[in-house]
Amino acid sequence: MKSAPISGIQPAVLKWARVSIGLSIYDVADKLKRTATEIEEWESGVGAPSYPQLEKLAYDIYKRPMAVFFLPTPPEEKMAEKEFRTLPDADLQHLLPDTHLHIRRAHAYQLALTELFDGVNPTQQPVWRHVQLSSSKAIGKQAAAIRTALGISLDEQTKWRNDDTALKKWRLAIENVGIFVFKDAFKQKEISGFCLVDNTFPIIYLNNSTTKTRQIFSLMHELCHLLLSVNGISKFDKSYINALSGHEKAIEQFCNAVSAEVLIPIADFNAQTAHIVNVDNMDDFEFEQLALRYGVSREAILRRFLDQNRASQLFYEKKSDFWKSQQKRGSGGNYYATQNTYLSERFAKEVVSRYYKRQLSVEQASDLLGIKPKNFSGLEQLIMQGGAA
């Protein structure tokens, strides 16, 4: 009978599936409309879910294939608490299930990249092979080395004139040096993004549910994590840094400093702002013009002033909060354009190329792209045209 408990389910696997997606026993009980005691009994081997209950657990709650629950032991899988050390433990323990799923998806992308490119990064000179960062070296020289490796001059940057172009250019430059950049809309809005280190296929994964200027800074911050060979996960509100231990705190402060220097070179910034005597009296237009020059947010400009002790902490907090309240985010838009934006351009083009060569079926290609086969033809043309933001 369908309502009878299923035999052969391993209690340890049930518990692993729950913990790995960041849910408590009470969360699962609420979603299944069962008691917490019953869920505890399943995980201790005193009883088991019925077939319909296991289906809901597997597909709707834990996002796992049902076959996993019949394995003799939990499969080996990296846990966020052990994989990422650039967030305080309390924050890592409160990652939403959606964030866990994005991390899981990023690992799946790495496996897919290994298969697609036969274990060899298509870039001849990956950036992490010749640019390694160190907190003991000068920030300016290391930021200059990153800019040189990416092939973007300050003169080119200041001609972009809008944040949409800036994000596309920085993202393409980073992809061209061997790093694959994916995006998605996070339900956990305070997470700005994360990265996964790998000797061959490192990944940056950004939260698309925010402004493009914020994504640009997050993109650079995660690049710095990779060049330090550190798996990183970051939040928008920098106050989390104060709760980190000495070593991890130093890493985050260093990555912020290098990112700021790459995007807003201090020598040029000082030249552009030499006439400004009192930053606390600046109006929004002046901040907007500087933000436009570098393709960053007004907050990033004000932070530059704050770091130089040219702006007061009170003014920074007041203006930053005000600008946050003004921020406008994307409102959905075209489905295919959105999906194309989420995917690494080089990854997506390789999937479509393999499909053209009949090395992948439409079902296999669609699965890699995270879409249904019926939507493949609609996305295919956009992918081959390129230009994901």
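A few notes on this one:
- Within the set ALA144, ALA173, the sole residue that is assigned to a helix (DSSP H, G or I), open to solvent by less than 20 Å² (accessible area, probe 1.4 Å) and more than 20 Å from ILE251 (Cβ to Cβ) turns out to be ALA173.
- Checking ASN256, ASN242 one by one, the residue that is farther than 23 Å from GLN132 by Cα, open to solvent by 10 Å² or more (accessible area, probe 1.4 Å) and in contact with a Lys or Arg (Cβ under 8 Å, 6 or more places away or on another chain) is ASN242 and no other.
- Any hit, the stretch 309-328, residues being open to solvent by 30 Å² or more (accessible area, probe 1.4 Å), touching a residue at least 40 places away in the same chain (Cβ under 8 Å) and not in a helix (DSSP H, G or I): yes
- Extreme residue, nearest to the chain's Cα centre (by Cα), among residues of the stretch 337-367 that are farther than 21 Å from PHE186 by Cβ and touching a residue at least 40 places away in the same chain (Cβ under 8 Å): ARG346
- Per the conditions (1) outside any helix (DSSP H, G or I); (2) more than 21 Å from ASN176 (Cβ to Cβ), the sole criterion not satisfied by SER229 is (2).
- Residue within the stretch 133-148 that is modelled with pLDDT of 95 or more, under 28 Å from ALA348 (Cβ atoms) and not aliphatic (A, V, I, L, M) present: yes
- Listed by first and then second residue, the pairs with beta-carbon distance under 9 Å, at least 6 apart or on different chains, first residue in the stretch 280-296 and among the hydroxyl-bearing types (Ser, Thr, Tyr), second not in a helix (DSSP H, G or I), are TYR294/THR158; TYR294/ILE264; TYR294/PRO265.
- Elements of type helices (runs of 4 or more DSSP H) in the stretch 50-134, at least 3 residues being touching a residue at least 24 places away in the same chain (Cβ under 8 Å) and open to solvent by 20 Å² or more (accessible area, probe 1.4 Å): 97-116
- Leading residue by the ranking (farthest from GLU76 (Cα to Cα)) among those in the stretch 1-41 that are open to solvent by less than 70 Å² (accessible area, probe 1.4 Å) and in contact with a strand residue (DSSP E or B) (Cβ under 9 Å, 6 or more places away or on another chain): ALA4
- Residues (under 14 Å from LEU172 (Cα atoms) and open to solvent by less than 30 Å² (accessible area, probe 1.4 Å)) located in the stretch 342-370: LEU343, SER344, PHE347, ALA348
The values are calculated or read from the model by the stated rules, or taken from the named source; none is laboratory data. What you see is a predicted model; the values in this text were computed from it and never measured. Reconstructed Cβ throughout: ideal geometry from the backbone, glycine too, with neighbour counts over all protein chains shown. These accessible areas exclude ligands, DNA and RNA; they are computed on the full protein's heavy atoms, side chains included. Shrake-Rupley method; radii C 1.70, N 1.55, O 1.52, S 1.80 Å.
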